[in-house]
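Undergrad: The structure under discussion is supplied below as structure tokens; questions concerning it will follow.
The values are calculated or read from the model by the stated rules, or taken from the named source; none is laboratory data. These figures come from a predicted structure and were not determined experimentally. With ideal geometry, Cβ positions are generated from the backbone for all residues, glycine too; neighbour counts draw on all protein chains shown. For the accessible areas, the whole protein counts, side chains as well, though only heavy atoms, and no ligand, DNA or RNA atoms are used. Shrake-Rupley method; radii C 1.70, N 1.55, O 1.52, S 1.80 Å.
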Amino acid sequence: MPFELPPLPYAFNALEPHIDATTMEIHHDRHHKAYVDNANAALAGTAWENASVEDVLTSLGQIPEDIRTAVRNNAGGHYNHSLFWEIMGPDGGGAPGGALGAAIDSTFGSLDDLKAKVNDAGVKRFGSGWTWLVVSGGALEVMSTPNQDTPLSEGKAPILGIDVWEHAYYLEYQNKRPVYLEAWWNVVNWDAVAARYDAAS
Ligand code: MN3
């Protein structure tokens, strides 16, 4: 079955004032939809057309070379954005409890230290890409990727990712990526991140 655009799990304006409704609508309905459509077009008629997005992204080396770049960019975009919508929410912010909260404290020192590290990786990502909190070999790690590359393709399990492409923030924040990153933590859905952490651990 071809990939499908997942519905946004809340209203376009649900993340205001931190992320505006117009940005959310264009980002989900146009940008994410284009990744889905382009990934499906690239994979159509190949042995991979019914594979899961996870299988595709962990097998990029086996994807036919003539479509590999299109698949990497567009299946990556589909996977990354599906995660992004899920780990944000209207009642976001605060702090994670449980095993994730404890792992953040023991790995990074504190939640504020983690946020600073994720934001720094996002600010330093030149051009377009993502900043991530991943589980790698059982441990938490902060990393960034260019374009729509996903930690999944490097054998790591992404549990939180922030889109730092300009289309994610430009209407509200223009060139001020650090201000967007600072504000983003008000919409993080820690329950969803914790569920991904538990599944990856
Ligand atoms: Mn995006």
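Undergrad: Taking only pairs six or more apart or across chains, which ones have beta-carbon atoms under 8 Å, a first residue in segment 109-123 that is within 15 Å of Val164 (Cα to Cα), and a second residue that is of a type in the set (D, E, K, R)?
TA: If the second residue must be of a type in the set (D, E, K, R), the pairs left are Asn119/Glu182; Gly122/Arg177; Val123/Arg177.
Undergrad: Determine whether segment 135-148 contains at least one residue that is touching a residue at least 40 places away in the same chain (Cβ under 8 Å), of a type outside the set (Ser, Thr, Tyr), open to solvent by 20 Å² or more (accessible area, probe 1.4 Å) and within 14 Å of the ligand (Cβ to nearest atom).
TA: yes
Undergrad: Let me ask something else about it. Can you tell me which residue among Asn38, Asn73, Asn13, Asn80 is touching a strand residue (DSSP E or B) at 6+ places or on another chain (Cβ under 8 Å) and either within 14 Å of the ligand (Cβ to nearest atom) or assigned to a loop (DSSP other than H, G, I, E, B) (or both)?
TA: Asn80
Undergrad: Out of (1) open to solvent by 30 Å² or more (accessible area, probe 1.4 Å); (2) without any contact (Cβ under 8 Å) to a residue 60 or more places away in the chain; (3) not in a helix (DSSP H, G or I), what's the single condition that is false for Asp66?
TA: Of the numbered conditions (1) open to solvent by 30 Å² or more (accessible area, probe 1.4 Å); (2) without any contact (Cβ under 8 Å) to a residue 60 or more places away in the chain; (3) not in a helix (DSSP H, G or I), the odd one out for Asp66 is (3).
Undergrad: To continue, here is another question. Quick test of your reading of the structure: Tyr169 fulfils all but one of (1) out of contact with any strand residue (DSSP E or B) (no Cβ under 6 Å at 6 or more places or on another chain); (2) surrounded by fewer than 20 Cβ atoms within 10 Å (Cβ to Cβ); (3) farther than 18 Å from Lys117 by Cβ. Name the failing condition by number.
TA: Failing condition for Tyr169: (2).
Undergrad: Do we find a residue being farther than 21 Å from Gly155 by Cα, crowded, with 17+ Cβ neighbours inside 10 Å and not assigned by TED's automatic domain parsing to the domain that holds Pro151 anywhere in segment 108-118?
TA: no
Undergrad: Return the residue satisfying two criteria in turn: it lies in segment 172-192 and is in a loop (DSSP other than H, G, I, E, B) and open to solvent by less than 20 Å² (accessible area, probe 1.4 Å), and of such residues it is nearest to the ligand (Cβ to nearest atom).
TA: The qualifying residue nearest to the ligand (Cβ to nearest atom) is Val187.
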